[in-house]
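Visitor: Can you read through this structure? Questions will come right after.
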Amino acid sequence: MSGGFGEDYVVGLTADGADSSGMTIFGDIGLERLEQAGLSWRLLPELDPHRPPSAGQLDGVDAVLSFGHVPFDAGTARLFPRLRHIARFGAGYDGIDPVALAGEGVVVTTTPEEVRGPLALSAVTLVLACAHRLIENHRVTTTGNWASGRGQHRGAGVRGRVAGIVGFGGVGRQVADHLMHLGYRVITVDRPSARQSAADAGVELCDLMTLAERSDVVVLTASLTPSGRGMISAEFLAAMREDAWLVNVARGGLVDEAALIRALQEGRIAGAALDVFDPEPPAEDNPLFTMENVILSPHALCWTADFTREVSASVVEALLEASRGCVPGTALHRELVDPHLWRGARPTG
């Protein structure tokens, strides 16, 4: 491993998504590639900010492969004497502070390119399930109401309907492409970062409340930021039409869940399809569980075989790059990483 960090490079797997055999919540992610390159891996203890790990438990760990949303800030990084790299299995990095970590000589990588396709198709799946009233027709079939219920839940169809996409990044753009191909008209929120992409796609820009008023279905694909938390508020939901649906494949924190529950209970919107919640998992007595106009999935709808294969390849490649002393190409805020500080943090092999 000439030019790297030596042959004792160790990757720690977060316990929220893996077990000691190396099997993960996503299945087999190809850890043998690390072993073939001379790296080793081990399961980390649970990282609870209220219960620091015992002395020595985190010694010798050079990189962390994070499967969920374990918080990582500068203070957490200091618990690892040798930590240089946090590799996130996925695109989101809620609770991870890449700027503060860069100051500690720790680089953070994600896999956004590989997530976009499966996540966009997840959104489209839910949009079509809403448009065709899939969940209601499922219940008609399974509850013995064939004769009386058949035909009562007619779908709205898609041609000429308006889909409002909140968050027009890589995922939002792919969702728009799919829906426009199916016959939807697409609008999105006017943001400087979205203007060129929206213009290229032929997507109309508008303000958030106008999007609420005009959309047959609102699709959330935005990242969760402090300013965006709860942006789907009681006011937004009140502006939506009674026959409109809300689809969220982004982050549960974008939605004021109490306001959404009230809107659904009072029939102020047609329904909701949610793959994400806040918190996760949701409480067992969450009213959403018993609503007939709600489709739910456990933040896993995009976990297809393609997703696992492509994200695994990307995250393993980032781990291998870092082990060779290179700042990976998928690093966040790579301009803040001092390569001399980072590469010189450990003796080379």
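The values are calculated or read from the model by the stated rules, or taken from the named source; none is laboratory data. For clarity, every value in this text was computed on a predicted model and none was experimentally measured. Note that we place each Cβ from the backbone using ideal geometry, even for glycine, and neighbour counts take in every protein chain shown. Ligands, DNA and RNA are excluded from the accessible area calculation, which covers all protein heavy atoms including side chains. Shrake-Rupley method; radii C 1.70, N 1.55, O 1.52, S 1.80 Å.
Visitor: Please compute, over every Cα-Cα pair in the chain, the percentage with a separation greater than 25 angstrom.
Guide: 57
Visitor: Within region 213-257, name every residue whose backbone N is under 11 Å away from a label modeled 7 Å from Cα of R195 along the Cβ vector.
Guide: none
Visitor: How high is the FRET efficiency from E235 to D8, r the C-beta distance, R0 41 Å, rounded to 0.05?
Guide: Plugging the Cβ-Cβ distance into 1/(1 + (r/R0)^6) gives 0.15.
Visitor: Another question, then. Can you list the HN-Hα couplings for region 28-33, worked out from phi with the Karplus curve (6.51, -1.76, 1.60; θ = phi - 60°), rounded to whole Hz and with x for Gly and Pro?
Guide: 3J(HN,Hα) across region 28-33, in whole Hz: 7, 9, x, 5, 5, 5.
Visitor: Just from its helices, what would the mean residue ellipticity at 222 nm be for the chain, if runs of 4 or more DSSP H residues each count -39500 (n - 2.57) and the sum is divided by every residue, rounded to the nearest 500 deg cm²/dmol?
Guide: Taking each H run of at least 4 residues, the total per residue is -9000 deg cm²/dmol.
Visitor: Note the full-extension length gain between A300 and S223 as 0.36 nm times their separation in residues minus their Cα-Cα distance, in nm to one decimal.
Guide: Answer, rounded to one decimal: 26.0 nm.
Visitor: May I ask for the net charge around V106, where only other residues with Cβ less than 12 Å from the Cβ of V106 are counted and Lys, Arg are +1 while Asp, Glu are -1?
Guide: Net charge around V106: -2.
Visitor: Once label points are set 7 Å from the Cα along Cα→Cβ at both H333 and M209, what is their separation, rounded to one decimal in nm?
Guide: Simple spin-label model gives 3.4 nm for this pair.
Visitor: Before anything else, pin down the relative contact order of the chain: Cα pairs under 8 Å, at least 6 apart, normalised by residue count, whole percent.
Guide: The normalised contact order for the chain reaches 20 percent.
Visitor: Report the percentage of all Cα-Cα pairs in region 37-128 whose separation exceeds 24 Å, rounded to a whole percent.
Guide: 28
Visitor: Can you give me the accessible area per residue for the chain, using a 1.4 Å probe, in Å²?
Guide: About 46 Å² of surface per residue is accessible.
Visitor: Quick check on region 26-69: take the gyration tensor over C-alpha atoms, sort the square-rooted eigenvalues as a ≥ b ≥ c, and tell me if it's rounded (a/c under 1.5), prolate or oblate.
Guide: Numbers: a/c = 3.38, a/b = 1.58, b/c = 2.13.
Because a/c hits 1.5 or more and a/b fails to exceed b/c, region 26-69 counts as oblate.
Visitor: So between A283 and R82, what do we pick up on full extension, going 0.36 nm a residue minus the alpha carbon distance?
Guide: 68.6 nm
Visitor: Taking 0.36 nm per residue of sequence separation and subtracting the Cα-Cα distance, how much length would be gained by fully extending the chain between E292 and Q265, in nm to one decimal?
Guide: 8.7 nm
Visitor: OK, next. With θ set to phi - 60°, apply the Karplus curve 6.51 cos²θ - 1.76 cosθ + 1.60 along region 196-206 and write out the HN-Hα couplings as whole Hz, x wherever there is a Gly or Pro.
Guide: 5, 5, 5, 4, 4, 8, x, 9, 7, 9, 7
Visitor: For region 1-126, what % of the accessible area comes from carbon and sulfur atoms, probe 1.4 Å?
Guide: Ligands and nucleic acids excluded, carbon and sulfur reach 51 percent.
Visitor: Check A15: other-chain or 5+ apart residues with amide H under 5 Å from its amide H, H built from backbone geometry?
Guide: L44, L47
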